[in-house]
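J.: Below you will find the structure I want to go over with you.
The values are calculated or read from the model by the stated rules, or taken from the named source; none is laboratory data. This one's a predicted model, so the numbers in the text were calculated from it and none came from an experiment. All Cβ positions, even for glycine, are placed from backbone atoms using ideal geometry, and neighbour counts span all protein chains on display. With ligands, DNA and RNA removed, areas are computed over all heavy atoms of the protein, side chains included. Shrake-Rupley method; radii C 1.70, N 1.55, O 1.52, S 1.80 Å.
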Amino acid sequence: MWATTLEKKLKQPTCANPLPFYLCRLKSAPAHKGASDRNIYMYRTHTCNELRLNNAGQTVTLAGWVAASRDLGGLTFIDLRDRYGITQLVFDMDDNPDLCERARRLGREYVVQATGIVRERTSKNPNRDTGDIEIQVTDLVVLNPAKTPPFTIVDDTDGGDDLRMKYRYLDLRRPCVQKNILFRSRLSLETRNYLAAWGFAEIETPFLIKSTPEGARDFVVPSRMNRGQFYALPQSPQTFKQILMVAGYDRYFQIVRCFRDEDLRADRQPEFTQIDCEMAFVHQEDVLQTFEGLTRHLFQTMLGIDLGPFPRMTYDEAMRRFGSDKPDMRFGMEFCDLTQQVRGRGFPVFDQAESVLAICAPGCAAYSRKQLDELTEWVRRPQIGAKGLVYVRYDADGSVKSSVDKFYSPDDLKRWLQACHAAPGDLLLILAGETEKTSKQLSELRLEMGNRLGLRSPNVFKPLWVLDFPLLEWDEEEGRFFAMHHPFTSPKAADIPKMDSDEHAVLKSIRADAYDLVINGVEIGGGSIRIHDRELQSRNFRLLGFTREEAEAQFGFLLGAFEYGAPPHGGIAFGFDRLCAVMNGANSIRDFIAFPKNNQGRDVMIDAPDALKPQQLEELGIALTDEHS
Ligand code: ASP
């Protein structure tokens, strides 16, 4: 009985008349008080991407923006654009000179409503969904004229970055930008659907919270009612989602804005979005499986790509093989450690180096002197910071040539090549120095060579779980340990005893139940199993240099909550903007944010941030010095 009713329901069109889909949806939505259906639907019968040959002969009404017009004397053509696509309108001088004259006067981006008859086009446009038809217009209403836009509203626009951001509403009209923004919208819906189906509850957490010194810098908000006191905007809902676990909501998620007042490096935004999740009564494996499932679902439904099971690698292994905790797995070029083999031949650079590391660039033996010099310059740029670059060319005929021939025999060089699994035609690129720095530099060089060799295709997706991150990270400048993930991350059970050690090396070797999801060399998500025991959390705070009082003042609420029945729990947060960008093979998250900030953290459309009036400042109890006013 139930099944048949449901079936009927599903089969029934949502509205009786064959209206276009967006009207059907509207019709099923609750009616506005006092507004008749006709009023709601009057503007258009179809979208600009809906009409096809089988609509020929129908009278239709479209509404949209004038994307382009062509005046061919007797005929005037208008491309009418809306969010869905473009439909060609045609005005015939012979049929209706008056109407044609009005059409000629339409400027770009005018908002118009056109009624007419769908007819087959004589010269079809195969590049457009509606390219087989056009509308022979019988009635035209200008809904709103428009000033000439400061740049063309097309994918390949002539507008520079600043101009486009100032007039973001025009930029957002461009089809390629709309595509990204609508992708994002669908991605968040798919995320919600998936997580809801798995029993996750979406729960909002506050934006006005308390500032904590850990992590990045906070954005702060003065409190008028509590003069001299400030809220902070959350860098993430971390503590709140843990509190929700204590409160018994064992599967939580939120697609949530986070705020970090950092110096803006490329592709960082002061406000960004996370898919933030937490689960109770889980081990690391449960979290990995759940969110591997979500990621696979998103790639499958959005892109039709089956990512397959995700490979896993420990942090130590990732660092050893790729010099990075987020290796791009679309290509190999793994590190080869030559430190031992290169010693003792009188080449001081190698003899004195803590590490001598190589990568093997496939098929690059034919690099010219000039190319090698240029590559050397590349690694010596301050951003990379290497002192020099040693190469070994393994020519196709088997001969070997290097920049250190003076110190090493061809046999020596051949041994290196062998160690690096080089084949004739390959090129070894070698960096030397302090291990950590050299690894980092070689990792950059590996990515650069990957780019140059076209091995980082935006259409290939290689996910990777990186596991067992260190719990602590030493900060040279501050002379203290910081939490590598965050202070609530649990050490691995086996490593807990090491927390009592005084030795740096021992503390550095404590592993955490922390994991990152990496796709194509981009950190897409990161999380951990949390500490849920007050005593262990206090010990961790101590390791991080908090006094008892400081820990109590800043996180007393969490420590307190742990005394009232905190379940074991863990979670993860995905960078939603980044996920959008990576899924589209794009470099910039800004392309997927409707109203992004520029590199100076400014919104140039609304011109923010801005000064406040003295009266407002007064009310907030903030006094500016002359220098700032
Ligand atoms: N709150 C963490 C972050 O923002 C993610 C997590 O551990 O769930 O990176």
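J.: Going by a ≥ b ≥ c, the root eigenvalues of the Cα gyration tensor, does the stretch 272-392 fall in the rounded group (a/c under 1.5), the prolate group (a/b larger than b/c) or the oblate group? Walk me through the numbers on the way to the answer.
T.: Numbers: a/c = 2.79, a/b = 2.07, b/c = 1.34.
Prolate shape, in that a/c is at least 1.5 and a/b is the bigger ratio.
J.: Next up: Within the stretch 302-385, which chymotrypsin sites (Phe, Trp or Tyr not before Pro) sit in a loop by DSSP and count at most 10 neighbouring Cβ atoms inside 10 Å?
T.: Values: sites: Y315, F322, F331, F335, F350, Y367, W378; in loops: F331, F335, Y367.
Sites meeting the loop and neighbour criteria: none at all.
J.: Here's another thing I want to ask about it. Can you grab the distance from the C-alpha centre of the stretch 346-401 to the C-alpha centre of the stretch 522-597, Å, no decimals?
T.: 40
J.: Right, next: Counting Lys and Arg as +1 and Asp and Glu as -1, each charge on the Cβ, what is the dipole of the stretch 256-371 about the Cα centre in debye, to the nearest 20? Before the final figure, lay out each step's value.
T.: Values: 14 positive and 19 negative charges, 160 e Å.
Around 760 debye, computed over the stretch 256-371.
J.: Which of the aspartates and glutamates could a cross-linker bridge to K387, judged by Cα under 16 Å and excluding same-chain residues fewer than eight apart?
T.: D351, E354, D373, E374, E377, E434, E436, E444
J.: Another question, then. Any chance you could check the Cα centroid distance between the stretch 237-279 and the stretch 492-507 for me, in angstrom?
T.: If we compute the Cα centre of each part, the gap is 29 Å.
J.: Report, ordered by chain and residue number, the aspartates and glutamates lying within cross-link reach of K492, taken as a straight Cα distance under 12 Å and ignoring same-chain residues fewer than 8 apart.
T.: In chain and number order, the partners are D468, D513.
J.: Another question, then. If you average the sequence gap of Cα pairs under 8 Å that are 6 or more apart and divide by the length of the chain, what percent do you get for the contact order?
T.: For the chain, the relative contact order is 11 percent.
J.: Please determine, in degrees from 0 to 90 and to the nearest 10, the orientation of helix 284-303 with respect to the longest principal axis defined by the Cα atoms of the chain, where the helix direction is its Cα long axis.
T.: Tilt of helix 284-303: around 40 degrees.
J.: Among the trypsin sites (Lys or Arg not before Pro) in the stretch 208-281, which ones are in a DSSP loop with at most 12 other Cβ atoms within 10 Å of the Cβ? Mind listing them?
T.: On the way: sites: K210, R217, R224, R227, K241, R251, R257, R260, R265, R268; in loops: K210, R217, R224, R227, R260, R265, R268.
Answer in residue order: R224, R227, R265.
J.: Please check which bits of the stretch 72-93 a label hung off S188 would reach, taking the label as a point 7 Å along Cα-to-C-beta and the cut-off as backbone N under 20 Å.
T.: Answer for the stretch 72-93: 83-84.
J.: Shifting gears a bit: Whole-Hz ³J(HN,Hα) for each residue in the stretch 594-605, computed from phi via Karplus 6.51 cos²θ - 1.76 cosθ + 1.60 with θ = phi - 60°, x for glycine and proline: what do you get?
T.: 4, 10, x, 8, 7, 5, 9, x, 9, 9, 7, 6
J.: At a threshold of 8 angstrom on Cα-Cα distance, excluding pairs fewer than six apart, so keeping six or more, what relative contact order does the stretch 281-395 reach in percent? Display every interim value, and only then the final one.
T.: Numbers: 73 pairs, mean separation 14.8, N = 115.
Result for the stretch 281-395 is 13 percent.
J.: Further, regarding this structure: Under the rule of -39500 (n - 2.57) per DSSP H run of 4 or more residues, summed and divided by the residues of the chain, what mean residue ellipticity at 222 nm is obtained, to the nearest 500 deg cm²/dmol?
T.: The helix contribution divided over the chain gives -9000 deg cm²/dmol.
J.: Where does the Debye-calculated log10 I(q)/I(0) of the chain sit at q = 0.09 Å⁻¹, using only Cα point scatterers of equal weight, no solvent?
T.: -0.99
J.: Taking a probe of 1.4 angstrom, what is the accessible area of S457 in Å², to the nearest 10?
T.: 40
J.: Does the stretch 470-629 come out rounded, prolate or oblate by the C-alpha gyration tensor, with a ≥ b ≥ c the root eigenvalues, rounded set by a/c under 1.5 and, if not, prolate when a/b is larger than b/c and oblate if not? Intermediate results must be reported in sequence, preceding the final value.
T.: Values: a/c = 2.15, a/b = 1.37, b/c = 1.57.
Cα axes put the stretch 470-629 in the oblate bin.
J.: Which of the GluC sites (Glu not before Pro) found in the stretch 443-490 are in a DSSP loop and have at most 10 neighbouring Cβ atoms, other than their own, within 10 Å?
T.: On the way: sites: E444, E448, E473, E476, E477, E478; in loops: E476, E477, E478.
Sparse-neighbourhood loop GluC sites (Glu not before Pro): E476, E477, E478.
J.: Still on this model: Each residue of the stretch 351-364 in order: what ³J(HN,Hα) in whole Hz does its phi give by Karplus 6.51 cos²θ - 1.76 cosθ + 1.60, θ = phi - 60°, with x for Gly and Pro?
T.: 5, 8, 6, 5, 9, 10, 10, 10, 10, 10, 8, x, x, 9
J.: Report the label-to-label distance for E202 and K370 in nanometres (one decimal), using points 7 Å from each Cα along the Cα→Cβ vector.
T.: 5.7
J.: For K124, go through the aspartates and glutamates and keep the ones whose alpha-carbon is under 19 Å away, minus same-chain ones fewer than eight residues off.
T.: E50, D71, D79, D92, D132, E134
J.: Give the residue from A103, N125, M93 lying farthest towards the positive end of the charge dipole for the stretch 80-144; charges sit on Cβ (+1 for Lys and Arg, -1 for Asp and Glu) and the dipole is referred to the Cα centre.
T.: Toward the positive end, the furthest listed residue is N125.
J.: Starting at the first residue of the stretch 409-424, write each ³J(HN,Hα) from the Karplus equation 6.51 cos²θ - 1.76 cosθ + 1.60 with θ = phi - 60°, in whole Hz, x for Gly and Pro.
T.: My calculation for the stretch 409-424 gives 7, x, 5, 4, 4, 5, 5, 5, 4, 5, 4, 9, 6, 7, 10, x Hz in order.
J.: Roughly how many Å is it from the Cα centre of the stretch 196-230 to that of the stretch 601-615, as a whole number?
T.: One Cα centre to the other: 22 Å.
J.: Pairs to check: K401/K462; K179/K241; K370/K440. Give those whose C-alpha atoms are more than 27 Å from each other in this structure. Walk me through the intermediate numbers first.
T.: Details: K401/K462 35 Å; K179/K241 32 Å; K370/K440 25 Å.
As for pairs spanning more than 27 Å Cα to Cα, those are K401/K462; K179/K241.
J.: Mind giving me the FRET efficiency for S509 and E262? R0 is 25 Å, r the Cβ-Cβ distance, nearest 0.05 is fine. Don't skip to the answer; put the middle values down first.
T.: Numbers: r = 29 Å, r/R0 = 1.16.
So, using R0 = 25 Å, E works out to roughly 0.30.
J.: Keeping all protein chains in place and using 1.4 angstrom, which order do T339, T122, T59, T435 fall into by accessible surface area, from largest down? Don't jump to the answer; show the numbers that get you there.
T.: Numbers: T339 10, T122 140, T59 100, T435 50 Å².
Of T339, T122, T59, T435, the descending order of accessible area is T122, T59, T435, T339.
J.: Amide H neighbours of F481 under 5 Å, counting only residues 5+ apart in sequence or on other chains, H built in-plane at 1.01 Å?
T.: D475
J.: Taking R0 as 60 Å, what FRET efficiency do you get between E523 and R119 from their Cβ-Cβ distance, rounded to the nearest 0.05?
T.: 0.65
J.: For T59, put the label point 7 Å out on the Cα→Cβ axis and report which residues of the stretch 139-157 keep their amide N under 19 Å from it.
T.: 139-142
J.: In the full protein assembly as shown, how much of E619 is accessible to a 1.4 Å probe, in Å² to the nearest 10?
T.: 100
J.: Using a/c under 1.5 as the rounded threshold, could you call the stretch 162-206 rounded, prolate or oblate? The axes a ≥ b ≥ c are square roots of the C-alpha gyration tensor eigenvalues, and prolate needs a/b larger than b/c, oblate otherwise.
T.: Working: a/c = 6.34, a/b = 2.25, b/c = 2.81.
It is oblate, given that a/c is not under 1.5 and a/b is not larger than b/c.
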